[in-house]
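The values are calculated or read from the model by the stated rules, or taken from the named source; none is laboratory data. Please read all numbers here as calculations on a predicted model, not as lab measurements. Note: ideal-geometry Cβ built from the backbone for every residue, glycine included; neighbour counts use all protein chains shown. Calculation scope for accessible area: heavy atoms of the full protein, side chains included, ligands and nucleic acids excluded. Shrake-Rupley method; radii C 1.70, N 1.55, O 1.52, S 1.80 Å.
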Amino acid sequence: MKRFWQILSLVFLLGATISCNNEIELYPTNAPEMLFVLGCLDGTGTLHQVKIRKLISGNLDAGQMINDPFYYLPDTSLRVFLEEPSGNQMQMKRVMHRPQTAGVFAQDSNLFYALTGYNPSPDRTYLLRIESQDTTKEITAHLRSLKPVNFDYPTQESALHVKYSFTDPKRPFQVIYSLQAASILTISLKYVDIMANGDTICRKANHILPADFIPKPGGGKIFQLGYLWQIFHRSIKDVPGVDLRMFYSFDFTVWTGDSAIANYLYFNEKFTDNRKQNYSNIDGGMGLFFASSHAQLKNVRPYERFLSLLAMNDTTAHLKFSGFAYSGVYTDPDSSLVNPFLPVNQ
């Protein structure tokens, strides 16, 4: 299944369809002016972001228009607000992220609207309001904020004191977390490279698992040993000068989403043509405003047998792992969490 941000590239960056002859055209040449919205309210974070783009139209080359901010960025008079259940409104600020360089539809002006330092109340109705001084038309979207997601197994408290078996074929290791309409789990491999010149470098490799969503929402993951070997093989890159590697621990991060993002993903999976773009919960425009929540389980450590197998099995032996755990001071080289439903550089 395609990742969410790849799927939305045509919706929020292009707005008009460059399609094959057998695809259904949803946006004809006389389509009305429209704003496309992609936004997320993070119930367990303090950063909430909205991306807004215009429907691109004109007689020029599509590649030229998609890379010219004049054609895809909204007017600077646009104002974006998040409204609390009490009616209190907070204005989001214009923020320019680093250029979006991936894919055909790259953008130099990667503009977002962001609200920082705000913690939404759980299970409350919020309103996104988009206003423009050039028009009386208002764009809105409602959502209900998610309750915090939790890991039920292992718990963070237990992970601080015990190790876990990853090698029992009858009882493979698993993580269990709160059930929501949509979820994405990331497993992080934390290890140390010991270089031939004597340097010791702390590393972390992240592997994002496919999304679970309606009609089969996930509430956990089972990690068979062979599957873990494949994650190591695919996630850890060859680095010149590595003499030895030592494993430290696993981190698990789960992001959950509400029914809006779950229904979008489900709708997208049903179609391969641009009918997938027809799902929207934006009044007065088109796009998606959804709620998310996240939790992180840090420093889950395996028994020593896992480390021995990591060093010797055919799939991971080339990675040069020692059969012993790293016992020194580990400094996380990447502690920032990125919402996989809405990465800022896409």
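Answer yes or no as to whether ILE261 is open to solvent by 20 Å² or more (accessible area, probe 1.4 Å) and closer than 25 Å to LEU337 by Cβ. If you could, list the steps in order and put the result at the bottom.
Details: open to solvent by 20 Å² or more (accessible area, probe 1.4 Å): no; closer than 25 Å to LEU337 by Cβ: yes.
So ILE261 does not fit the description; no.
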Q. Taking interchain pairs and intrachain pairs at least six residues apart, which have beta carbon atoms under 6 angstrom, with the first residue in segment 178-193 and under 19 Å from PRO302 (Cα atoms) and the second aromatic (Phe, Trp, Tyr) and open to solvent by 10 Å² or more (accessible area, probe 1.4 Å)?
A. LYS190/TYR248; TYR191/TYR248; VAL192/TYR326
Q | From the options VAL239, VAL192, residue that is loosely packed, with under 14 Cβ neighbours inside 10 Å and either over 21 Å from the mean Cα position of the chain (by Cα) or modelled with pLDDT of 95 or more (or both) | A | VAL239
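When the residues of segment 219-250 are narrowed to those that are charged (D, E, K, R) and not in a helix (DSSP H, G or I), which ends up farthest from ALA317 (Cα to Cα)?
Just the residues of segment 219-250 that are charged (D, E, K, R), to begin with: 221, 234, 237-238, 243, 245.
Retained after the next criterion (residues that are not in a helix (DSSP H, G or I)): 221, 237-238, 243, 245.
Working: LYS221: 25, LYS237: 13, ASP238: 12, ASP243: 13, ARG245: 11 Å.
Only one residue tops the list, namely LYS221.
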Q) open to solvent by less than 20 Å² (accessible area, probe 1.4 Å) and of a type in the set (D, E, K, R) - does that describe any residue in segment 319-335? A) no
Q) Is there any pair with a first residue in segment 315-337 that is at positive phi and a second that is not polar (S, T, N, Q) whose Cβ atoms are under 7 Å apart and which are 6 or more apart or on different chains, and what are they? A) LYS320/VAL242; LYS320/LEU244; LYS320/ARG245
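So, ALA291, is that one part of a strand (DSSP E or B) and among the small types (Gly, Ala, Ser) or not? Even if it seems obvious, please write down each step before you answer.
Numbers: part of a strand (DSSP E or B): yes; among the small types (Gly, Ala, Ser): yes.
In short, yes.
Inspect segment 210-218 for any residue being in a strand (DSSP E or B), free of Cβ contacts under 8 Å to residues at least 40 places away in the same chain, open to solvent by 10 Å² or more (accessible area, probe 1.4 Å) and not aliphatic (A, V, I, L, M) and give the result as yes or no. Full working, then the answer.
Our first condition is that a residue be in a strand (DSSP E or B); within segment 210-218, this holds for 212-213, 216.
Cutting the leftovers down to free of Cβ contacts under 8 Å to residues at least 40 places away in the same chain gives us 212, 216.
Narrowing the set further to residues that are open to solvent by 10 Å² or more (accessible area, probe 1.4 Å) leaves 212, 216.
Next, only the ones that are not aliphatic (A, V, I, L, M) stay: 212, 216.
Yes, that holds for at least one residue.
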Q: Report yes if some residue within segment 257-268 is without any contact (Cβ under 8 Å) to a residue 24 or more places away in the chain, farther than 19 Å from ASP42 by Cβ and not polar (S, T, N, Q); otherwise report no.
A: yes
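Scan segment 275-298 residue by residue and report those that are under 21 Å from the mean Cα position of the chain (by Cα), open to solvent by 30 Å² or more (accessible area, probe 1.4 Å) and farther than 15 Å from ASP258 by Cα.
Of everything in segment 275-298, those that are under 21 Å from the mean Cα position of the chain (by Cα), open to solvent by 30 Å² or more (accessible area, probe 1.4 Å) and farther than 15 Å from ASP258 by Cα turn out to be GLN296, LYS298.
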Q. Applying the selection to segment 208-228, what residues are modelled with pLDDT of 95 or more and over 21 Å from PRO154 (Cβ atoms)?
A. GLY226
